Amino acid sequence: MKCDVCAVGERHEELIRYHVELDGKLVVVEHVPASVCSHCGEISIAPQVASSVQRTVWGTKPPVRAIETPVYEFGA
Ligand SMILES: [Zn+2]
């Protein structure tokens, strides 16, 4: 499938690491199926996948693991 953003690259299915912010906390969901452009790197997620991600992060199941995230200020 041709990329709808750059119209140059081809889209392919990939499992990505998806970041969402929840109450000021960064939450990571791993192995999310997404369509990624080989040229511009644009990532798009199907609506049903996005709602499944929402259900996962808002749900009551505990995360599989926790990571520490360094935070930088741009240009500092
Ligand atoms: Zn593209």
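In segment 59-75, the condition of being part of a strand (DSSP E or B) and either among the hydroxyl-bearing types (Ser, Thr, Tyr) or at pLDDT below 95 (or both) is met by no residue.
Answer with yes or no whether Pro33 is within 12 Å of the chain's Cα centre (by Cα), surrounded by 11 or more Cβ atoms within 10 Å (Cβ to Cβ) and either part of a loop (DSSP other than H, G, I, E, B) or more than 16 Å from the ligand (Cβ to nearest atom) (or both). Spelling it out, Pro33 is indeed within 12 Å of the chain's Cα centre (by Cα), surrounded by 11 or more Cβ atoms within 10 Å (Cβ to Cβ) and either part of a loop (DSSP other than H, G, I, E, B) or more than 16 Å from the ligand (Cβ to nearest atom) (or both).
Residue pairs whose Cβ atoms lie under 8 Å apart, separated by 6 or more positions or on different chains, with the first residue in segment 39-68 and under 20 Å from Glu14 (Cα atoms) and the second of a type in the set (Asp, Glu), are His39/Glu10. If you filter segment 5-30 down to residues that are in a loop (DSSP other than H, G, I, E, B) and at pLDDT 95 or above, you find that the one that is surrounded by the most Cβ atoms within 10 Å (Cβ to Cβ) is Gly9. Being of a type in the set (Lys, Arg) and more than 16 Å from the ligand (Cβ to nearest atom) holds for only one residue in Arg11, Arg17, and it is Arg17.
The values are calculated or read from the model by the stated rules, or taken from the named source; none is laboratory data. Treat the numbers as computed from the prediction; the structure is a model and nothing was measured. FYI the Cβ positions are ideal-geometry reconstructions off the backbone, even for glycines, and counts take in every protein chain you see.
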